[in-house]
Amino acid sequence: MIKVILITGRSLNQGVSKELGKFSKEYMEKVAVCELDPEDLKLLGVSSGQNVKVKTKYGEVVVKATESTQAPHKGIAFIPYGPWASILMPSATESTGMPSLKGIEATIEPAKDEEILDPEKLIKMVVGREP
Amino acid sequence: MKTVRNVVCPFCGSLCDDIEVDIEDNRVVKVRKGCAISATKFTKYNEERIYKPRIDGREVSLEEAINEAVEILANAKYPALYGWSCTSTEAINIGIEIAELVGGVMDNTASVCHGPTILGEQDAGISTCTLGQVKNRAELIIYWGCNPAHAHPRHMARYSAASRGRFVKGRKERTVIVVDVRKTHTAKTADIFIQIKPNSDFELLTALRWAVKNGELEQEEIAGIPAEKIEELADMLISCRFGALFFGLGLTMSAGKARNIEAAVNLVRELNNYTKFVMVPMRGHFNVTGANEVMAWATGFPFAVDFSRGYPFYNPGDTTFVDVLTRGDCDAALIVASDPVSGFPAEAIRNLAKIPVITLDPHETLTTMISKVVIPTAVVGIEAEGSAYRMDAVPLRLKKLVEPPPGILSDEEVLKMILKKLKERVK
């Protein structure tokens, strides 16, 4: 397990795959990911393409670890905007309307055999019923 | 086959207006000049389309769906109207009329992107300009907490770092500085990269302002950056003839939020004692700026406007949609051209799923999944015309290139029908 600062944001792949549909294979492949610094991947003992579990005070989610092409950023994990990132975010907005979607404390652990939930399963998990 | 030139791309806030598309049999078959996202948007807009209105998952006529939407809105005590950044200015305007009529709260997606920018600007003002000014005059460009290589793929080539301006001819005549927590693809093209510690933008902006004003810093290191580097940077900023600071959600979403923007505004203000310096927010969705403009001109406030008192009331942190939802205050919601279920924190989504939601969208989304009423609409900028505001608040006209699928109307038309029936219903 490693401790990181989690940031979320736009990625080109997220932008393109969003246009292919939120339920498309491409969207899940490009958005249910966590970009990590190569050194952090080594520390975790995880190779690019294997699943990891990301946990914050607010929630946890399984996504695919990928080696960042925007390194170095040791200690910083990046997940593109989307339903997988949102689960990890606080709802408090500190009187601004804006939840803290960047810069939150998180832990990452290997989860090679755990499933990445598709958007439908993810929403079912969040709302606690069949959507 | 016909070719349409000077098409405005309805994806990001850059609103590139030089796109060329080939149309054959009422379909866009080829896109020239657009970025990867633009090309996908123009050619794949029929993926995951919704073709029929639905109530509780059952296909119904448009009239039935509109009647149900009207009933929900008319019976709600405090409905929320949210989204608006991916539709036309004209549609947003009708949304405001609906919100006023039903005494609801209307917010746009700025509240979860550049809302803190607006709050910072309201506190401290802003020295800004159009993108054309940057292209023609800016010798020094800073990208702070933004990654245009990914989020605004043609911004650097068309408007900023690498654009060919009248007085500044291109990339070689400009100095480009990137401040970010990662060495982003934008950072890799910069002359100077400042890798800042997460959540310390406020400190660096403030230190930079001190260095601009007073020269030397007392600390050895601020935000992970050595003092000499900050002083060097301050000298560079003072020495350019025209500087532009582009900033993104790295400032608005991390610790400090609106206070980061205020610090950036104050830095730019200080720099204007020595040279010409401007700042422009990197707005995300193609008409999120328009949503702010329309709401500001119609109500006096750019987002988070509450009509429940009978007059517009604005209190971000209270009347913003995430807060309204998290508290469980609203008892119905109308979502237009947005997918909050994909992007909101879990607590907010749980409460949204408990109330009747009406969603207008061309495509299936996570929000349509939890909606009671779903009304499919035309894709603005491809199947429907309208106006939109670029990130620098320049309005541009979106074109209608092809006909929408049979029976599908634009957001503007559907909202007009809802408004008309609501007026009769709540008379």
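The values are calculated or read from the model by the stated rules, or taken from the named source; none is laboratory data. Everything quoted here is computed from the prediction, not taken from an experiment. Ideal geometry is used to build each Cβ from the backbone, glycine not excepted, and the neighbour counts take in all protein chains shown.
Among the residues of region B:180-196, the one identified as in contact (Cβ under 8 Å) with a residue 60 or more places away in the chain and more than 8 Å from every other protein chain (Cβ to nearest Cβ) is B:180.
Checking each residue in region B:296-314 for being part of a loop (DSSP other than H, G, I, E, B), within 18 Å of residue B:109 (Cβ to Cβ) and of a type outside the set (A, V, I, L, M) picks out B:301, B:302, B:303. When restricted to residues that are part of a helix (DSSP H, G or I) and over 21 Å from residue B:276 (Cβ atoms), region B:215-236 contains 5. The residue list B:58, B:32 contains one member that is closer than 25 Å to residue B:389 by Cα and of a type in the set (Lys, Arg), which is B:32. Take region A:108-125 and flag every residue that is within 14 Å of another protein chain (Cβ to nearest Cβ) and either surrounded by 15 or more Cβ atoms within 10 Å (Cβ to Cβ) or of a type in the set (D, E, K, R) (or both). If the condition is that a residue be within 14 Å of another protein chain (Cβ to nearest Cβ) and either surrounded by 15 or more Cβ atoms within 10 Å (Cβ to Cβ) or of a type in the set (D, E, K, R) (or both), then A:117, A:118, A:119, A:120, A:121, A:122, A:123, A:124 are the ones that fit.
Conditions (1) in contact with a Phe, Trp or Tyr (Cβ under 7 Å, 6 or more places away or on another chain); (2) basic (Lys, Arg); (3) without any contact (Cβ under 8 Å) to a residue 12 or more places away in the chain, marked per residue:
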| position | (1), (2), (3) |
| --- | --- |
| B:64 | no, no, yes |
| B:69 | no, no, no |
| B:73 | no, no, no |
| B:79 | no, no, no |
| B:97 | no, no, no |
| B:108 | yes, no, no |
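Right, residue A:35: within 12 Å of chain B (Cβ to nearest Cβ) and part of a strand (DSSP E or B) or not? Yes; evaluated as a whole, the condition is true for this residue.
Scanning region A:72-123 for residues that are in contact with an Asp or Glu (Cβ under 6 Å, 6 or more places away or on another chain) and closer than 21 Å to residue A:32 by Cβ turns up A:73, A:78.
One line per residue, one yes/no per condition, for (1) crowded, with 23+ Cβ neighbours inside 10 Å; (2) touching a residue at least 60 places away in the same chain (Cβ under 8 Å); (3) over 26 Å from residue B:412 (Cα atoms); (4) touching a Ser or Thr at 6+ places or on another chain (Cβ under 8 Å):
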residue	(1), (2), (3), (4)
B:308	no, yes, no, no
B:315	no, no, yes, no
B:328	no, no, yes, no
B:336	yes, yes, no, yes
B:342	yes, no, no, yes
B:349	yes, no, yes, yes
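Pairs linking a residue in region B:13-26 that is farther than 21 Å from residue B:149 by Cα and not assigned by TED's automatic domain parsing to the domain that holds residue B:151 to a residue that is at pLDDT below 95 and basic (Lys, Arg), with Cβ atoms under 8 Å and 6 or more positions apart or on different chains, do not occur.
Each residue in region B:237-257 was checked for being outside any loop (DSSP other than H, G, I, E, B), within 30 Å of residue A:10 (Cβ to Cβ) and either free of Cβ contacts under 8 Å to residues at least 24 places away in the same chain or not polar (S, T, N, Q) (or both), and 10 pass.
Taken together, B:174, B:158, B:154 contain a single residue that is closer than 26 Å to residue B:290 by Cβ and more than 14 Å from chain A (Cβ to nearest Cβ), which is B:158. The residues in region B:330-352 that are more than 7 Å from chain A (Cβ to nearest Cβ) and assigned to a helix (DSSP H, G or I) can be counted, and the count is 3. Within region B:212-236, the set of residues being surrounded by fewer than 24 Cβ atoms within 10 Å (Cβ to Cβ), touching a residue at least 24 places away in the same chain (Cβ under 8 Å) and touching a helix residue (DSSP H, G or I) at 6+ places or on another chain (Cβ under 7 Å) comprises B:212, B:213, B:223, B:225, B:230, B:233. In the condition set (1) in a helix (DSSP H, G or I); (2) without any contact (Cβ under 8 Å) to a residue 60 or more places away in the chain, residue A:48 is compliant with all but (1).
Considering region B:358-369, and only residues there that are surrounded by 24 or more Cβ atoms within 10 Å (Cβ to Cβ) and free of Cβ contacts under 8 Å to residues at least 40 places away in the same chain, the residue that is nearest to residue B:76 (Cα to Cα) turns out to be B:359. Scanning region B:370-397 for residues that are surrounded by 21 or more Cβ atoms within 10 Å (Cβ to Cβ), outside any loop (DSSP other than H, G, I, E, B) and in contact with a strand residue (DSSP E or B) (Cβ under 6 Å, 6 or more places away or on another chain) yields B:373, B:374, B:375, B:377, B:380, B:386, B:388, B:389.
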